[in-house]
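**Student:** First the structure, which I've put down as structure tokens, then a few questions once you've had a look.
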Amino acid sequence: MNIFIKSRYFLAALTTIGFLTLTGCGGDSSEDNPVVDSTKSKAGYLVIEPIAYQFQNQTNGVLDLKTSESRIWYSYQPADIDVTKKPLFVMINGGPGSSTSTQLFSMNTAPYTLDREHVEPKGSGYSLNNYSWTRMGNLLYIDAAATGFSYNVSPDAANLSGRISEFFLKGNFNPYIDAAQIIRVILRFLDKHPDIQANEVILVGESYSGTRVSTMLNLLLFHPKYADGSKVYRDEMLATEIRNHFHAIYGQDTELTPGVVARQFSRQILIQPELSGVYQDEITGEMFIAPNSVIDQVAKESNHPGEYKRDCPEDFNPLIPPTPMNCALFYYIPEVFDRDRYNYSKGQTWTDDLEAFTIQSLRDADALSTVLHYNVEEIKEIKPEARQQAYRLIDFYVDPIYLLNYSSQVYPEGTQNASSLESRGRLAAYAKSQTYQANLLNSDDPNWACSDSVQLPNTLQARFGVLQRWDCYLIGMNLTVYAAFTMLNLESFIYNIEPDDSPIYGRMFLENLPLVKTFLTDAEYDLVIYSPALPKALEKYTDLVQKVDVVRGKDNPDKSRGRFTVSYLPGALTETTTPSTVSLYYPYYATSGHSVSSAQPDKILVDVMNWLACPNAACQ
């Protein structure tokens, strides 16, 4: 990473921050009983107490951090039949900063759909879903910290300087602590549901959650290494909690090898995932500017043949660095070709329109209760009285310039901002989408990120009351969280863990792969996660990978799926036995973009069913 760091200055500055006191084990504060009926739907908050943890390496030494309390939103939908025998699918969306509630929960996986393309009758806010994954198992949806309905709590929330510190200086937002919090949510949920406590767990990650799931699995499979100082992240309490969970289901004398952990966390479903950060962006950009690229194809299909010039014009948005990927996704696709980067067969606002449609129902208290199959009136933590010290934003108005102006308060003089150039492009694009959605929703909330409204009956704000201006009930995409992860998070740059700029997460994916059966989607119309770039990006791990052989479904006699095989170098993996090859289940989605469950909900449901029934990982 090209960054000048005065390491001791950074560490001294950060360790002077005051931390909260550890308050003991968190739990579902909406639920008084320690054991919960797994056959009933439930929603609410699991409280994750302040977590003390460390980052460390030989260059910069040890950095001690402690998070603030986080109230993580979850919703649980039991399987249609045989609840106690079915796997638990854990659904997590991306961003970082994106909401699971407005994405996977709403887009044809839960018992109700909020997808405008599939609600019946057309125009209704929601309807029963014909493609619910409850046919296959129990479903647990989680909004990561400060996304969707989740929020953080701090006694400094009322102070602007306190909120700046919460987002950018206290270690609340980075890929490791994010993954560690979600693991805690899953384990505590399982421990409170003893009749499914030992059931198979299948992690379902979309977009950035490819990185999130890779990190979670690595923390689980190799948890002793994250307690003894062997890894860049050290979280002894997490390792203890993982150990206690597995000893409870397998016995105190069981040696918790990666293979034993993988008995329960045995599968992952990766829907158009970010896997290798900087490598994936690099290969995608190279493919976009190659002759006769997919961007040239979009130009022809949109009646602009020959108009893809590769470079951005000089007067293009100064906030977006003119990299090949940025110019393609944030200039040519929307501005010249009027297409959606998430689904290039659609007009440029198609994805934004889908999410805005879901927000209309999710912000309605009665509709929310219906689709959750749980009365939100019973969730005390959602109401203003319980969130006087809550925060989700720095202030009520947020745009890229506003956020980037905080860099002088995060980075000491004499250092430089080292954020990925693609991250800056994404931030500007997310801000544009948020502004568009707020206008579409006719929100009267001055905070466009929230899209709350008191003028419409039954909205959460009208029902429960107005929140502080740095808080709100629902956020589809939290720009401040994204900036904290990728551009204004000091520890990420000190320890080279920024998700868009570090290759470490692709390495985790490759370490996990021999132990975890993997389902990887290939969506034809997605440009944000460009499927043809994934194998070439993984081949850049030359100390692990010999080659990646791929045949896409559209080039295969069986058009429904392709082949994806990773060949490892002999003895490349140090934590587990190195296989010669690992094959993934690689279904092809000819009419899908980024949201496969929206475009082809019937096919992905059948594909997952077929995969679960296979005797081996790739059904070969």
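**Student:** Can residue 214 be described as farther than 18 Å from residue 266 by Cβ, surrounded by 24 or more Cβ atoms within 10 Å (Cβ to Cβ), in contact (Cβ under 8 Å) with a residue 60 or more places away in the chain and polar (S, T, N, Q)?
**Tutor:** no
**Student:** If you scan the stretch 585-602, which residues turn out to be surrounded by fewer than 20 Cβ atoms within 10 Å (Cβ to Cβ) and not polar (S, T, N, Q)?
**Tutor:** Matches in the stretch 585-602: 590, 602.
**Student:** Right, another one. Looking for something in contact with a Lys or Arg (Cβ under 9 Å, 6 or more places away or on another chain), acidic (Asp, Glu), in a loop (DSSP other than H, G, I, E, B) and more than 29 Å from residue 431 (Cα to Cα) - is there at least one such residue anywhere in the stretch 73-87?
**Tutor:** Yes, the conditions are met somewhere in the stretch 73-87.
**Student:** Please go through the stretch 493-515 and give me each residue that is in a loop (DSSP other than H, G, I, E, B), within 19 Å of the chain's Cα centre (by Cα) and among the hydroxyl-bearing types (Ser, Thr, Tyr), ordered by number.
**Tutor:** 502
**Student:** Can you give me the number of residues within the stretch 494-537 that are basic (Lys, Arg) and either more than 21 Å from residue 551 (Cα to Cα) or without any contact (Cβ under 8 Å) to a residue 12 or more places away in the chain (or both)?
**Tutor:** Going through the stretch 494-537 one residue at a time, the tally reaches 1.
**Student:** If you check 250, 279, which single one turns out to be in contact (Cβ under 8 Å) with a residue 60 or more places away in the chain, surrounded by fewer than 23 Cβ atoms within 10 Å (Cβ to Cβ) and of a type outside the set (Gly, Ala, Ser)?
**Tutor:** From the options 250, 279, the qualifying one is 279.
**Student:** While we're looking at this one, here's another question. Looking at the stretch 71-90, can you tell me whether even one residue there is surrounded by 20 or more Cβ atoms within 10 Å (Cβ to Cβ), within 20 Å of residue 486 (Cβ to Cβ) and touching a residue at least 60 places away in the same chain (Cβ under 8 Å)?
**Tutor:** No, because not a single residue in the stretch 71-90 is surrounded by 20 or more Cβ atoms within 10 Å (Cβ to Cβ), within 20 Å of residue 486 (Cβ to Cβ) and touching a residue at least 60 places away in the same chain (Cβ under 8 Å).
**Student:** Another question, then. Quick check: anything in the stretch 261-274 assigned to a helix (DSSP H, G or I), among the hydrophobic types (A, V, I, L, M, F, W, C), out of contact with any Asp or Glu (no Cβ under 8 Å at 6 or more places or on another chain) and closer than 30 Å to residue 88 by Cα?
**Tutor:** Yes: one or more hits.
**Student:** If we keep just the residues of the stretch 375-401 that are at pLDDT below 95 and outside any loop (DSSP other than H, G, I, E, B), which is surrounded by the fewest Cβ atoms within 10 Å (Cβ to Cβ)?
**Tutor:** Only one residue tops the list, namely 401.
**Student:** Please list, ordered by first then second residue, the pairs with beta carbon atoms under 6 Å, 6 or more apart or interchain, first in the stretch 573-597 and touching a residue at least 40 places away in the same chain (Cβ under 8 Å) and in a loop (DSSP other than H, G, I, E, B), second crowded, with 24+ Cβ neighbours inside 10 Å and among the charged types (D, E, K, R).
**Tutor:** Listed by first residue and then by second, the contacts come to 593/526; 594/526.
**Student:** Among the residues that make up the stretch 553-560, is at least one of them small (Gly, Ala, Ser), surrounded by 21 or more Cβ atoms within 10 Å (Cβ to Cβ), over 25 Å from the mean Cα position of the chain (by Cα) and not in a loop (DSSP other than H, G, I, E, B)?
**Tutor:** No: zero hits.
**Student:** OK, next. Can you report the number of residues in the stretch 88-118 which are among the hydrophobic types (A, V, I, L, M, F, W, C) and in a strand (DSSP E or B)?
**Tutor:** Of the residues in the stretch 88-118, 5 are among the hydrophobic types (A, V, I, L, M, F, W, C) and in a strand (DSSP E or B).
**Student:** Follow-up. At pLDDT 95 or above, more than 23 Å from residue 372 (Cα to Cα) and not acidic (Asp, Glu), is that true of residue 153?
**Tutor:** Yes; evaluated as a whole, the condition is true for this residue.
**Student:** If I filter the stretch 239-261 for residues that are among the charged types (D, E, K, R) and within 27 Å of the chain's Cα centre (by Cα), do I get at least one hit?
**Tutor:** yes
**Student:** Mind listing just one residue for me: the one in the stretch 167-206 that is among the charged types (D, E, K, R) and modelled with pLDDT of 95 or more and, of those, surrounded by the fewest Cβ atoms within 10 Å (Cβ to Cβ)?
**Tutor:** Across the stretch 167-206, the extreme among qualifying residues is 195.
**Student:** So, one more: Within the stretch 326-374, track down each residue that is assigned to a helix (DSSP H, G or I), in contact with an Asp or Glu (Cβ under 7 Å, 6 or more places away or on another chain) and under 26 Å from residue 591 (Cβ atoms).
**Tutor:** Scanning the stretch 326-374 gives 336, 350, 351, 354.
The values are calculated or read from the model by the stated rules, or taken from the named source; none is laboratory data. Every value quoted in this text rests on a predicted model; they were computed, and no experiment measured them. Methodologically, a virtual Cβ is constructed for each residue, glycine included, from the backbone with ideal geometry; neighbour enumeration extends over all protein chains shown.
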